[in-house]
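I have placed the structure first, in the form of structure tokens, so that the comments after it can refer back to it.
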Amino acid sequence: MNNFYRPPLRLVDGGDDAFYFFNDFQRVDQVLRFESDSDYPCLIIPESIKDIQQLAWMEVIDLMFLKGIHHPDLFKALKSTAPQSVICQLMGIRYLTVKSYCHFAGISQSSYEYGQCKFALEERVLGIPQSMSWLSGAP
């Protein structure tokens, strides 16, 4: 490793002398074990909880562009659990609607609705319980 370059470590001050690292845990381990007496300091970038939250939701939003993702489920999860201000900011939209979601994800609204209907049909399995535990039960 170059003696003059150290990748930055990101951390959050949790108070009470506790720090929370959230990237490159292998690098943190290396610093704590092998570089504590080093003459070459590493750069530590303090982050806020808000920054971590944005980075985490950005990872979730990246799921939209994966092949085979079930968009109705992802939209439902974003709508019900994600902080709307963060999601809207990351997606560059004013409100999280199906239309804005589809536009951002690069899918047609009809594809989204087809996926929604297909899932609803699969859920109704013509009288057979979804749990197959009844197969292993004693008569």
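The values are calculated or read from the model by the stated rules, or taken from the named source; none is laboratory data. Remember, predicted model here, so these are calculated numbers, not experimental data. Methodologically, a virtual Cβ is constructed for each residue, glycine included, from the backbone with ideal geometry; neighbour enumeration extends over all protein chains shown. These area figures cover heavy atoms from the full protein model, side chains too; ligands, DNA and RNA do not enter into them. Shrake-Rupley method; radii C 1.70, N 1.55, O 1.52, S 1.80 Å.
Applying the condition of being open to solvent by less than 100 Å² (accessible area, probe 1.4 Å) and modelled with pLDDT under 70 to the range 10-27 and asking which residue is nearest to residue 52 (Cα to Cα) yields 22.
Considering 79, 99, the condition of being in a helix (DSSP H, G or I), closer than 26 Å to residue 50 by Cβ and at pLDDT 90 or above is satisfied by 79 alone. Looking only at residues in the range 55-77 that are among the charged types (D, E, K, R) and within 8 Å of the chain's Cα centre (by Cα), the one that is most open to solvent (accessible area, probe 1.4 Å) is 59. Remark: residue 62 falls outside the filter, which requires a residue to be among the acidic types (Asp, Glu) and closer than 20 Å to residue 117 by Cα. Number of residues in the range 78-111 that are surrounded by 15 or more Cβ atoms within 10 Å (Cβ to Cβ), touching a Cys at 6+ places or on another chain (Cβ under 8 Å) and aromatic (Phe, Trp, Tyr) equals 0.
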